[in-house]
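The values are calculated or read from the model by the stated rules, or taken from the named source; none is laboratory data. The shown structure was predicted, so the numbers you read here are calculated from the model rather than taken from an experiment. A quick note on method: Cβ atoms are made from the backbone with ideal geometry, for glycine too, and the neighbour counts reach across all protein chains shown. These accessible areas exclude ligands, DNA and RNA; they are computed on the full protein's heavy atoms, side chains included. Shrake-Rupley method; radii C 1.70, N 1.55, O 1.52, S 1.80 Å.
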Amino acid sequence: AQSVTQLGSHVSVSEGALVLLRCNYSSSVPPYLFWYVQYPNQGLQLLLKYTSAATLVKGINGFEAEFKKSETSFHLTKPSAHMSDAAEYFCAVSRTGGGNKLTFGTGTQLKVEL
Amino acid sequence: ETGVTQSPTHLIKTRGQQVTLRCSSQSGHNTVSWYQQALGQGPQFIFQYYREEENGRGNFPPRFSGLQFPNYSSELNVNALELDDSALYLCASSPGLAGARGTGELFFGEGSRLTVL
């Protein structure tokens, strides 16, 4: 079975500050890992994905994440927050050969303050 | 390129009724997945359809059923609605079954928000 844990249901940062959203995963087989973003009243949009290639993954809107097997982590970062980054962020895991069944975390609401 | 579209966007039902939600997949995508997102929670996998057949199901009772049509569009049907079925229902499409070589990257619609009173 696979699962993800997102630490912190709400994170608040100042505009221009570093964004760090935490995700730890559990998987009995090599995982695929994803970060999705959800803006109010919208569906989910893929930010980035890890599929066993490079451990540092760059995504859209300046976000990146690093896969650390030893720590079973896949934290999402952005060097400088922008007001438009305010949204809910979901970490998700699927297993190799698992098709399209994603297991999502409970989400982290990011607030960006002036 | 047309993205994933869902209808209706909002609907209200009463306990015991039945509901049908519809999804048009993104052009070129032959796989459709449905997810339920309760308020304050992450999406939960309901089932997936590939070439008109169910291909994977999450922990949902049989009163949740679906269909996929030859044009790859899909329906989610929920019978005997319960209050806990109130949620945002998300449809996602992908360009393939994404099996052993796949990555599970999904393209989501904006969802259908169901309220059960």
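Roughly how compact is the range B:1-84, stated as its Cα Rg over 2.2 N^0.38 Å to two decimals?
Numbers: Rg = 13.0 Å, N = 84, 2.2 N^0.38 = 11.8 Å.
Computed over Cα atoms of the range B:1-84, the ratio equals 1.10.
Averaged over the residues of B:23-32, the number of partner chain Cβ atoms lying within 10 Å of the residue Cβ comes to 0.
Measuring with a 1.4 Å probe in the full set of protein chains, what accessible area per residue, in whole Å², belongs to chain B?
Details: 5660 Å² over 117 residues.
Accessible area per residue, chain B: 48 Å².
Toward the positive end of the charge dipole of the range A:54-114, with +1 on the Cβ of Lys and Arg and -1 on the Cβ of Asp and Glu, the farthest Cα among A:Gly62, A:Ser80, A:Gly105 is that of A:Gly105.
Of all aspartates and glutamates in the structure, the ones whose alpha carbon falls short of 13 Å from that of B:Lys13, not counting any fewer than 8 places away in one chain, are B:Glu82, B:Asp84, B:Asp85.
Between A:Leu47, A:Leu18, A:Leu33, the GNM of chain A built on Cα springs shorter than 10 angstrom shows A:Leu18 fluctuating the most. Legend: P(r) of the range A:38-82 from all alpha carbon pair distances, 10 Å bins from 0, whole percents, reading 26, 47, 24, 3. Going Cα to Cα from A:Lys101, which aspartates and glutamates come in below 16 Å? Please leave out same-chain ones fewer than 8 positions away. Within the straight-line cut-off, A:Lys101 pairs with B:Glu53, B:Glu54, B:Glu105.
Computed over the Cα atoms, what is the radius of gyration of the protein assembly as shown divided by 2.2 N^0.38 Å, N being its residue count? Can you show the working numbers first?
On the way: Rg = 17.5 Å, N = 231, 2.2 N^0.38 = 17.4 Å.
For the protein assembly as shown, the normalised Cα radius of gyration comes out at 1.00.
What translational D, rounded to a whole number of µm²/s, comes out for the range A:63-114 from Stokes-Einstein when the hydrodynamic radius is the Kirkwood one over Cα pairs, at 4 °C and 1.567 mPa s? Translational diffusion coefficient: 100 µm²/s. Residue by residue along B:108-114, Cβ atoms of other protein chains within 10 Å of the local Cβ number 3 on average.
Based only on Cα atoms, what mean projected area does the convex hull of chain A have, in nm²?
Working: hull surface 26.9 nm².
Here the figure is 6.7 nm², rounded to one decimal.
Where the accessible area of chain B is counted over protein heavy atoms with a 1.4 Å probe, how much of it, in %, is carbon and sulfur?
Values: 2680 of 5660 Å².
Using a 1.4 Å probe with all protein chains present, chain B comes out at 47 percent carbon and sulfur.
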